[in-house]
Every structure is written in C-alpha cells, then in structure tokens.
Amino acid sequence: MKRKTKTPPAPAPTIAAIPPTDVPRRLAALKTISPGALKQQWRELFGTEPPPYNRRFLEHRLAYRVQELAYGGLKPETLARLEALGEQFDGGKLTVRRMRGDDKPIAGTQLIREYQGVEHVVTVTRAGYEYGGQPYQSLSAIARAITGTRWNGRVFFGLRPSRNAA
C-alpha cells in the first residue's frame, strides 16, 4: 500500500520593510494611482492576489499594510489577547463573529419616519423592534410593511445614507 505524503506549504513571501520616511508619500499615492497599480501593490505588499472588493477597501487595507511594514504590526501577545476576547464574546461561532456589535440603536430609541404624509414610529427593543404594536426582527421588515416594497431598513429610517446620497 502506498502512503500519501503531504506536500509542505509554500513558504510565505518575504516582504521588505518600508522606511518610515516613505509612508506619507505612499499613503498619498494610494488615492491617485490606477486600479491596476493598486492591485499590483496588493500583490507586492501581501504576496497574494487582491480580493475582488471595491477601490476604497483596497486603499484602506493597503494604507494599513504600508504602516504595518514601516512601524510594525500588533505584538503577538496583543493578537492572542484579542483572539481570547473574541472567543469569550462569541464562543467560537463564526456567524456571531461576523455580526457587527454596533448594528442596532440602544433599546428604547424611537425611530420616526414620515412616509406619504403619515408619521411612522418604531421603538427599538432588546429583542428587535416594535411597530404598530407588533414585534419585528428587522427594520427592513418594517420598511416593507410600511411601503409594500423591499427596502434596506437602515437606509429607510435614515440610520445609514443611501448609495445615491453624496
């Protein structure tokens, strides 16, 4: 019987440190370079293919990476502590980990929206939201009940600007 051998992982690319004096110039250049040049910088600074995200994400992540390579990243002790705190918070569940903690206003907050001449009041509760004496799990469900069409609830109630807003 033949035994399968595992191939060792490819060595991590060696990425040179960035002199701290170059940081301001490199950060300013991120705003003006072409998308192709941004992706090329990603390859150089991370040693991987860039993710298919928007320009703003790439700029922010590259800005962090430039500073990380110039000034150093988080200490291993800090990373371990953050991981331990995360485990305490979410119990290792990825679905909980991916949820934002600041996603919902404080319980008791009233969201008021005028729609087609009618004022609609939503109360934030610990379990979700209350509108018209009925409990709801999301603002989107309430916006749908009010308008009859699909809406992003946070946009409808003005908690987040719409994409069209400048």
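The values are calculated or read from the model by the stated rules, or taken from the named source; none is laboratory data. Just so we're clear, the structure is a prediction, and the values are computed from it rather than from any experiment. Here Cβ is always computed from backbone atoms with ideal geometry, including for glycine, and neighbour counts include all displayed protein chains.
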> Could you list, in sequence order, the residues of the stretch 122-157 that are more than 17 Å from residue 107 (Cα to Cα) and within 27 Å of the chain's Cα centre (by Cα)?
Replying inline: 140, 141, 143, 144, 149, 150, 151, 152, 155, 156
> Is it the case that the stretch 140-156 has a residue that's part of a strand (DSSP E or B), on the phi < 0 side of the Ramachandran plot and touching a strand residue (DSSP E or B) at 6+ places or on another chain (Cβ under 7 Å)?
Replying inline: no
> Can you find a residue in the stretch 88-98 that is modelled with pLDDT of 90 or more and farther than 30 Å from residue 25 by Cα?
Replying inline: no
> Given the structure, is residue 105 in contact with a strand residue (DSSP E or B) (Cβ under 6 Å, 6 or more places away or on another chain) and at pLDDT below 85?
Replying inline: yes
>> Quick check on my filter: what residues within the stretch 15-45 are part of a helix (DSSP H, G or I), among the β-branched types (Val, Ile, Thr) and closer than 10 Å to residue 66 by Cβ?
In response: 23
>> What pairs come out if I take residues in the stretch 56-83 that are free of Cβ contacts under 8 Å to residues at least 40 places away in the same chain and pair them with residues that are loosely packed, with under 14 Cβ neighbours inside 10 Å and not in a helix (DSSP H, G or I) whose C-beta lies under 7 Å away, six or more apart or interchain?
In response: 59/31
> Among (1) touching a Ser or Thr at 6+ places or on another chain (Cβ under 9 Å); (2) more than 18 Å from residue 144 (Cβ to Cβ); (3) modelled with pLDDT of 85 or more, where does residue 111 come up short?
Replying inline: (2)
